[in-house]
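**Q** Mind having a look at this structure? Questions to follow.
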């Protein structure tokens, strides 16, 4: 019986951003930003998780690095870098809806579900939000609970609070 050929790892380009004690990893493909990890995960661990070969390359990532730094300084309100999203059609619908939330504004999971005409899919919207591969660029930190309180965020609630504070012009919200 013939063996199935082994899939070669995809080549991604990696960079690190440090900001106020947080460390983020940015991975890009030839098509755009593929991953923004909000934890100081090693490139080796990300290679295993994503089945990729990561080459450190700040030069290749210069545009996204410039935009992330400008955003974190409060100088950028909308990202223009291309993203290379990989997800189900439903996830991509949710991510596009999240991307349309204006800078400094928030919305709830339920309102987001209604915006994509899936009012009964609030939990699925929450799961898709949690699977967002490029947080900050697709600003899932702008999603809050129906009561108006801060809820789950892959980078942790202190980072979510800080990003919302940055956008709303205060250190604490």
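The values are calculated or read from the model by the stated rules, or taken from the named source; none is laboratory data. Remember, predicted model here, so these are calculated numbers, not experimental data. Positions of Cβ are generated from backbone atoms using ideal geometry, with glycine treated the same way; all protein chains shown enter the neighbour counts.
**Q** Over 16 Å from the mean Cα position of the chain (by Cα), assigned by TED's automatic domain parsing to the domain that holds residue 15 and surrounded by 14 or more Cβ atoms within 10 Å (Cβ to Cβ), is that true of residue 60?
**A** Working: over 16 Å from the mean Cα position of the chain (by Cα): yes; assigned by TED's automatic domain parsing to the domain that holds residue 15: yes; surrounded by 14 or more Cβ atoms within 10 Å (Cβ to Cβ): yes.
When the stated conditions are applied, residue 60 passes them.
**Q** Check off (1) buried (at least 19 other Cβ atoms within 10 Å of the Cβ); (2) at pLDDT 95 or above for residue 109 and give me the number that stays unchecked.
**A** Here residue 109 meets the rest and fails (2).
**Q** For the stretch 145-169, give me each residue that is under 25 Å from residue 70 (Cβ atoms), touching a helix residue (DSSP H, G or I) at 6+ places or on another chain (Cβ under 9 Å) and in a loop (DSSP other than H, G, I, E, B).
**A** Correct list: 150, 153, 154, 155.
**Q** Could I ask something else about it? Let me confirm something: among 39, 51, which residue is at pLDDT below 95 and surrounded by 12 or more Cβ atoms within 10 Å (Cβ to Cβ)? Let's see the steps before the verdict.
**A** Values: 51 fails: surrounded by 12 or more Cβ atoms within 10 Å (Cβ to Cβ).
On inspection, the qualifying residue turns out to be 39.
**Q** Can residue 101 be described as surrounded by 15 or more Cβ atoms within 10 Å (Cβ to Cβ), farther than 23 Å from residue 129 by Cα and modelled with pLDDT of 95 or more?
**A** On the way: surrounded by 15 or more Cβ atoms within 10 Å (Cβ to Cβ): yes; farther than 23 Å from residue 129 by Cα: no; modelled with pLDDT of 95 or more: yes.
Spelling it out, it is not the case that residue 101 is surrounded by 15 or more Cβ atoms within 10 Å (Cβ to Cβ), farther than 23 Å from residue 129 by Cα and modelled with pLDDT of 95 or more.
**Q** Right, next: Do we find that residue 123 is in a helix (DSSP H, G or I) and at pLDDT 95 or above in this structure? Step through it out loud before you land on a result.
**A** On the way: in a helix (DSSP H, G or I): yes; at pLDDT 95 or above: no.
Spelling it out, it is not the case that residue 123 is in a helix (DSSP H, G or I) and at pLDDT 95 or above.
**Q** Can I ask one more? Would you confirm, using the coordinates I've provided, whether residue 90 is closer than 17 Å to residue 163 by Cβ and at pLDDT 95 or above?
**A** Working: closer than 17 Å to residue 163 by Cβ: no; at pLDDT 95 or above: yes.
Answer is no for this residue.
**Q** Same structure again: How many residues does the stretch 119-150 hold that are more than 16 Å from the chain's Cα centre (by Cα) and at negative phi?
**A** Filtering the stretch 119-150 for residues more than 16 Å from the chain's Cα centre (by Cα) gives 119-124, 145-150.
Going one step further and asking which of them are at negative phi, we end up with 119-124, 145-147, 149-150.
Looking only at that region, the number is 11.
**Q** Something else now. Return the residues of the stretch 66-107 that are in contact with a strand residue (DSSP E or B) (Cβ under 6 Å, 6 or more places away or on another chain) and assigned to a helix (DSSP H, G or I); say none if nothing qualifies. So that I can check it myself, show each step before the final result.
**A** In the first step, residues of the stretch 66-107 are kept if they are in contact with a strand residue (DSSP E or B) (Cβ under 6 Å, 6 or more places away or on another chain); the result is 68, 72, 81, 83-84, 95, 98-99, 101, 106.
Scanning the stretch 66-107 gives 68, 72, 95, 98, 99.
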